[in-house]
Amino acid sequence: MEIGRASFRPQWTTPPAHELQRFLRSAVDEGVRRVVMEVSSHAIPQQRIAGIDFTVGIATNFSPDHLDFHGTVERYHAAKHAFIQGLGDEAIALLNADDPAILAMREGARARIVTFGRSESADVRVRGVETSAHSVQGWLE
């Protein structure tokens, strides 16, 4: 990643907190005011995102590829749920309405919940999706 003179080559999706904070400080010094980043489920219990005030958080799905770290599905779900619960009162939590386990993250959330998906009950409905080896495109209602 490069932002002005700030350059960062993380080893993991979400790097250790001290590396991430150093990069974010450099980005702020370059005039950056907003960042979009992926937060790995590993990063949450390891406190790699400690001290970051997220404006928006999104939970899309669960996949079994993280059980090597979390050990159980319940601990994996708990890690992602902790991220959503950690969003402040002014934040927005975007939750996949098509996944009951993701929707369960509403429990204990302080953030405003906005749901998305194909479900009739979703706040933002997906009309169609096209996937390729390099991209995913969706159309919303």
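What tally of residues in region 49-75 results from selecting those that are surrounded by 14 or more Cβ atoms within 10 Å (Cβ to Cβ), closer than 19 Å to LEU103 by Cα and more than 15 Å from the chain's Cα centre (by Cα)? Final tally of qualifying residues: 1. Beta carbons closer than 6 Å, at least 6 apart along the sequence or on distinct chains, pair a first residue in region 23-45 that is of a type outside the set (A, V, I, L, M, F, W, C) with a second that is in a loop (DSSP other than H, G, I, E, B) for GLU30/GLY4; GLU38/THR13; SER40/THR13; SER40/THR14. One residue stands out among those in region 108-122 that are out of contact with any Lys or Arg (no Cβ under 6 Å at 6 or more places or on another chain) and under 17 Å from ASN61 (Cα atoms): the one that is most open to solvent (accessible area, probe 1.4 Å), which is ARG118. Here region 76-103 is the region considered, the condition is being free of Cβ contacts under 8 Å to residues at least 24 places away in the same chain and assigned to a helix (DSSP H, G or I), and the residue that is least open to solvent (accessible area, probe 1.4 Å) is LEU103. For region 117-141, a tally of residues being free of Cβ contacts under 8 Å to residues at least 24 places away in the same chain and either closer than 20 Å to GLN85 by Cα or of a type in the set (Ser, Thr, Tyr) (or both) returns 4.
The values are calculated or read from the model by the stated rules, or taken from the named source; none is laboratory data. Model, not experiment: these values are computed from the prediction. Cβ coordinates were reconstructed from backbone atoms using ideal geometry, including for glycine residues, and neighbour counts include every protein chain displayed. We work out accessible area using only protein heavy atoms, side chains counted, and drop any ligands, DNA or RNA first. Shrake-Rupley method; radii C 1.70, N 1.55, O 1.52, S 1.80 Å.
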